[in-house]
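The next block holds one structure in the form of structure tokens; read it before the comments.
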Amino acid sequence: MSNYPDHRIFGFDELNRLRANLYNGPGHPEAGVMYSWVWASTSSQLAYKLAGQWEQPLNEDEFDVLEQLEASNGEASPFTAEVKIDCEECGGTGVDPGGLNAYEPEDCRVCHGAKRMTITRNDLWEAFAITSGQSDRPIERQHLTAMDAYSRQVLNAYAGKLVAA
Ligand SMILES: [Zn+2]
């Protein structure tokens, strides 16, 4: 049972480093449960780390997929969206929470009284963080959509490689 290859899902973390997520293979007691993370800044480094730390060297197809991801790293992620949320500094009041004079409130130093702030949300990062237990926010539809689209992208990269072979 132990020589099933582990499944890997590749992607990026918040710092734009390449990341491999390792899963237990089929037949293992907890098949499909994510159990490890490996990060590196290049596909070669990631391959080296996987081989050294986990005794699971990348096969050629996986390496090609990683190189494609690495090459597309500079492009805008299809999983990001600009969203407006309540200002996190003032909680959406628009008033400086550290202001000393309650009768003459000062504008919040972050939103300058606008009460809202724009953040770049990455549904894929959030989905990875939630499934790995690094975030306890509830999983929502956009996370599943991002995961689904991302899985298709990775599968297509593999399929393209098979067709080309
Ligand atoms: Zn504010």
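Structural remarks
For every residue, the table says whether it meets (1) within 16 Å of the ligand (Cβ to nearest atom); (2) surrounded by 15 or more Cβ atoms within 10 Å (Cβ to Cβ); (3) hydrophobic (A, V, I, L, M, F, W, C).
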{"site": "Asp96", "(1), (2), (3)": "yes, yes, no"}
{"site": "Leu100", "(1), (2), (3)": "no, no, yes"}
{"site": "Tyr103", "(1), (2), (3)": "no, no, no"}
{"site": "Thr120", "(1), (2), (3)": "no, no, no"}
{"site": "Leu124", "(1), (2), (3)": "no, yes, yes"}
{"site": "Ile130", "(1), (2), (3)": "no, yes, yes"}
{"site": "Gly133", "(1), (2), (3)": "no, no, no"}
{"site": "Pro138", "(1), (2), (3)": "no, no, no"}
{"site": "Ala157", "(1), (2), (3)": "no, yes, yes"}
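- Number of the exception - Glu88 against (1) charged (D, E, K, R); (2) within 16 Å of the ligand (Cβ to nearest atom); (3) over 30 Å from Leu18 (Cβ atoms): (3)
- Residues that are at pLDDT 70 or above and more than 14 Å from Trp125 (Cα to Cα), drawn from region 69-88: Leu69, Glu70, Ala71, Glu82, Val83, Lys84, Ile85, Asp86, Cys87, Glu88
- Filter result for the condition that a residue is assigned to a loop (DSSP other than H, G, I, E, B) and either under 14 Å from the mean Cα position of the chain (by Cα) or under 22 Å from Asp13 (Cβ atoms) (or both), over Asp136, Asp148: Asp136
- Any chance Leu22 is under 22 Å from Glu126 (Cα atoms), modelled with pLDDT under 80 and out of contact with any helix residue (DSSP H, G or I) (no Cβ under 9 Å at 6 or more places or on another chain): no
The values are calculated or read from the model by the stated rules, or taken from the named source; none is laboratory data. These numbers were taken from a predicted model, which means no experiment stands behind them. As a convention, Cβ positions derive from the backbone with ideal geometry for all residues, glycine included, and neighbour counts pool all protein chains shown.
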